[in-house]
Amino acid sequence: MFDDIGQIKSIDEVVPENQLRGTFKIHGEQGSLLVFYTLSPENPRLYKNSDCQKKNNIFMKLKTIFILNTLLLLQMEVWAQHGSLFIIGGGDRPPSLMRTMIDAAELSSRDHIVILTMSSADPDTSYYYILQDLQPFCQQVIAKLQFAKENAQDKTMLDSLRSAKLIFITGGVQSRFMDVVLNTPIYTAIHEAYDRGAMIAGTSAGAAVMSREMITGEQWRADTLYSGAVDRMVRDNIQIAQGLGLLTSAIIDQHFVKRSRYNRLLTVLNQYPGKTCIGIDEETAILVKGHTARVYGESQVIVMKNPRGTTYSKDKKLRMEKATLSILTEGDRFKL
């Protein structure tokens, strides 16, 4: 089989059929080989089975398996990383930040961009200003999608969303966005786009929704929710709701240095000690690819993790002996 195609010259990218099956082509000096593979369902995925269009005998089958184990290690590492996230901490969006986002999205001339405005109380205005920020740096079609419960099943809108190469979520109120999206085909379409390699970007509320555990911006006093600065660090006073879950190991806070949200994020860290808590300031973003994040922009990103000695006093005040805290600026990288 491999003797038939001669020395291997190149290997195409994996074309996934689903999360466990797919194909790719191996090109040799004298021909090409189309490979069908199957992965086992555990995490991480392991190579399970393969077949080829030029199958001859059991020896060739074993030889194929041996070579594919090597090839798939290279191919699947890239495939498993899905798309990327560009998470902006709110405030102004400098041109340099928008250019970085567009460059990182790796848009082709055939791709299109979708702006999701459900966070905003004024969707048309939110769309207008994001459009002005993007247009100097790209020629692609930029579409506004304003989903609601009434059109959550709209096939044309969902197809446009899942096929977008860049999805941008505007600012506003993160709970307003998730009230529309959660447990609907909209949520699924966003994840499908991400799994296919799209960039999911957002600012302010659009940053908060990236996490699985989402900071709503509300806090509890007894049985009453209210907004405003967090002026005490006590047990369970920060309201957490379900976000998009594009980040599962981290929790995002935004406008962080500008609005001095240390009390809030330290309280969340104590509540979720296994998470990395990330405070992104205004005019600043992180680009997440795989398990690595890089800082871009004008200000700083605060990273809190690995709390030790996390307990509460009898009156529910937070206690923490120590934690890892990093203050990062443009160009700095950290692991998630």
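Rule-based calculations on the coordinates, nothing more; no lab input. Nothing here was measured: the structure is a model prediction, and the numbers come from that model. Heads up, the Cβs are rebuilt from the backbone with ideal geometry, glycines too, and the neighbour counts pull from every protein chain shown.
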(request) Please list the non-local residues whose amide H lies under 5 Å from the amide H of Glu218, H modeled 1.01 Å from N, same-chain partners needing a gap of 5 or more. (result) Gln239
(message) Whole-Hz ³J(HN,Hα) for each residue in the range 295-307, computed from phi via Karplus 6.51 cos²θ - 1.76 cosθ + 1.60 with θ = phi - 60°, x for glycine and proline: what do you get?
(response) 8, 10, x, 8, 10, 9, 10, 9, 10, 10, 6, 6, x
(message) Taking every pair of distinct Cα atoms and averaging 1/r, then inverting, what Kirkwood hydrodynamic radius in Å comes out for the range 146-271?
(response) 15.4
(message) If amide hydrogens are placed 1.01 Å from N in the peptide plane, which non-local residues have theirs closer than 5 Å to the one on Ile115?
(response) Ala143, Lys144, Leu145, Phe168
(request) Would you kindly work out the equivalent ellipsoid of the range 189-336 from its C-alpha gyration tensor and give its semi-axes, the square roots of five times the eigenvalues, largest first in whole Å? (result) 25, 17, 15
(message) Over 10 Å intervals from 0, what percent of Cα-Cα pairs in the range 277-335 sits in each interval?
(response) 22, 41, 23, 14, 1
(request) Based on the mean of other Cβ atoms within 10 Å per residue, sort peptides 145-155, 189-199, 99-109, 160-170 so the most packed one is first. (result) 160-170, 189-199, 99-109, 145-155
(message) Whole-Hz ³J(HN,Hα) for each residue in the range 239-247, computed from phi via Karplus 6.51 cos²θ - 1.76 cosθ + 1.60 with θ = phi - 60°, x for glycine and proline: what do you get?
(response) 6, 10, 10, 7, x, 6, x, 6, 10
(request) Please list 22-32, 264-274 highest first by mean number of surrounding beta-carbon atoms within 10 Å per residue. (result) 264-274, 22-32
(request) Find how much the distance from Lys258 to Val15 grows on full extension, using 0.36 nm per residue of separation minus their present alpha carbon separation; answer in nm with one decimal. (result) 83.0 nm
(message) If R₀ is 45 angstrom, what is the calculated FRET efficiency for the pair Asp122 and Asp236, using the beta carbon separation as r and rounding to 0.05?
(response) 0.85
(message) Show me, for the range 180-187, the HN-Hα J-couplings you get by feeding each phi into the Karplus relation (A = 6.51, B = -1.76, C = 1.60, θ = phi - 60°), rounded to Hz, glycine and proline as x.
(response) 7, 8, 4, 6, 9, x, 5, 4
(request) Determine the alpha carbon to alpha carbon distance for each of Lys9/Lys335; Lys258/Lys305; Lys289/Lys316; Lys165/Lys258; Lys165/Lys305 and list only those over 28 Å. (result) Lys9/Lys335; Lys289/Lys316; Lys165/Lys258; Lys165/Lys305
(message) Nearest 5 percent is fine: what portion of the DSSP beta bridges confined to the range 148-287 is antiparallel?
(response) 40
(request) Sort the range 75-224 into rounded, prolate or oblate with this rule: let a ≥ b ≥ c be the square roots of the eigenvalues of the Cα gyration tensor; rounded if a/c is under 1.5, and if a/c is not under 1.5, prolate when a/b is larger than b/c, oblate otherwise. (result) rounded
